[in-house]
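Single-structure report; data block below.
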Amino acid sequence: MKILAIDTTAKTATAALTEDKKLIGLTVLNTPNTHSVTLLPAIEGLLSGASITAGDVDLFVCSSGPGSFTGVRIGTSTVKGLAYAQNKTCIGVSALEALAENITADNCVICPVMDARRGQLYNALFEKKDGSLIRLTEDRTITKDDLKAELEAKGLKVLLCGDGYDIAARTMPELISAETPEMQLYHNAYSVAVVGYRAYMSATEEERKAFTASALAPVYLRASQAERERNEKLNNNAM
């Protein structure tokens, strides 16, 4: 099964092409350029480099959130468009789970953290045990202080990853079990492909029918700035 996977939920723009879980090609860009500029050329380069077309792809996968509102929209709309045009299956996966998939260390607790702004982090906890990734919490927004308190209460030491690494590391240095290698720190579309492949293979035939372009939707976890400002204005007017 040929898989095209992308992630644009944070500053990193990344695309990968795989055969099941075997990596064919990978692009990772940490640049100031917007994802709308870098993503499609990255995808085109991967496909042409492998001498295939979008029609040869069997499964399209994207990180559907949480993350930057604009980035999430770019990623999901790109995959929706590609999958719809080719009438192919597509899956949205958690950006946090894909970050946790990056970590190669075993028998550890993994704590992906993404900067959600406004004093919050996007976060979930996972355990890597005997090579398998086990989810411990749902994706959520949490303050760095509340995350520290939770880890202390549970007696956990963790491996951090994600663009919120520095924020979390400054807050709870004593709770970090080891420094995360640079290559495992940021979003990586190969991990998105692995998570998507796992979701597809574990789904029933009936569940696979829902993996369509029309069903794929972004996951934000919280209201956008425009929505918050609108709600504040409505509340003020109601007083």
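So, in the stretch 100-114, of the ones that are within 11 Å of Leu159 (Cα to Cα) and aliphatic (A, V, I, L, M), which residue ends up nearest to the chain's Cα centre (by Cα)?
Restricting to residues being within 11 Å of Leu159 (Cα to Cα) and aliphatic (A, V, I, L, M), the top hit is Ala100.
Taking Thr70 as meeting all but one of (1) out of contact with any helix residue (DSSP H, G or I) (no Cβ under 7 Å at 6 or more places or on another chain); (2) buried (at least 20 other Cβ atoms within 10 Å of the Cβ), write down the number of the exception.
(2) is the only condition that Thr70 fails.
Filter the stretch 96-119 for residues that are over 11 Å from Pro66 (Cα atoms), open to solvent by 10 Å² or more (accessible area, probe 1.4 Å) and either touching a residue at least 60 places away in the same chain (Cβ under 8 Å) or of a type in the set (A, V, I, L, M, F, W, C) (or both) and give the result.
Glu101, Asn102, Thr104, Ala105, Cys108, Val109
Any idea which of (1) touching a Gly at 6+ places or on another chain (Cβ under 7 Å); (2) crowded, with 22+ Cβ neighbours inside 10 Å is the one Phe60 doesn't satisfy?
(1)
Among the candidates Gly162, Gly196, Gly155, which residue alone is touching a His at 6+ places or on another chain (Cβ under 9 Å) and of a type outside the set (S, T, N, Q)?
Gly162
Would you mention how many residues in the stretch 73-87 are touching a residue at least 40 places away in the same chain (Cβ under 8 Å) and open to solvent by 10 Å² or more (accessible area, probe 1.4 Å)?
7
When the stretch 1-45 is examined, which residues are found to be more than 19 Å from the chain's Cα centre (by Cα), farther than 21 Å from Gln184 by Cβ and either open to solvent by less than 30 Å² (accessible area, probe 1.4 Å) or β-branched (Val, Ile, Thr) (or both)?
Val37
How many residues are hydrophobic (A, V, I, L, M, F, W, C) and either under 15 Å from Glu97 (Cβ atoms) or touching a helix residue (DSSP H, G or I) at 6+ places or on another chain (Cβ under 6 Å) (or both) when one looks only at the stretch 204-224?
Residues in the stretch 204-224 being hydrophobic (A, V, I, L, M, F, W, C) and either under 15 Å from Glu97 (Cβ atoms) or touching a helix residue (DSSP H, G or I) at 6+ places or on another chain (Cβ under 6 Å) (or both): 4 in total.
Residues in the stretch 48-57 that are within 25 Å of Glu101 (Cα to Cα) and surrounded by fewer than 19 Cβ atoms within 10 Å (Cβ to Cβ): how many? Reasoning before the result, please.
Initially, the stretch 48-57 is screened for residues within 25 Å of Glu101 (Cα to Cα), giving 50, 57.
Okay, now just the ones that are also surrounded by fewer than 19 Cβ atoms within 10 Å (Cβ to Cβ), so 50.
Residues in the stretch 48-57 being within 25 Å of Glu101 (Cα to Cα) and surrounded by fewer than 19 Cβ atoms within 10 Å (Cβ to Cβ): 1 in total.
The values are calculated or read from the model by the stated rules, or taken from the named source; none is laboratory data. Owing to the predicted nature of the structure, the values given are computational and were not obtained by experimental measurement. Positions of Cβ are backbone-derived with ideal geometry, glycine not excepted, and every protein chain shown enters the neighbour counts. SASA here: full protein model, heavy atoms, side chains in, ligands and nucleic acids out. Shrake-Rupley method; radii C 1.70, N 1.55, O 1.52, S 1.80 Å.
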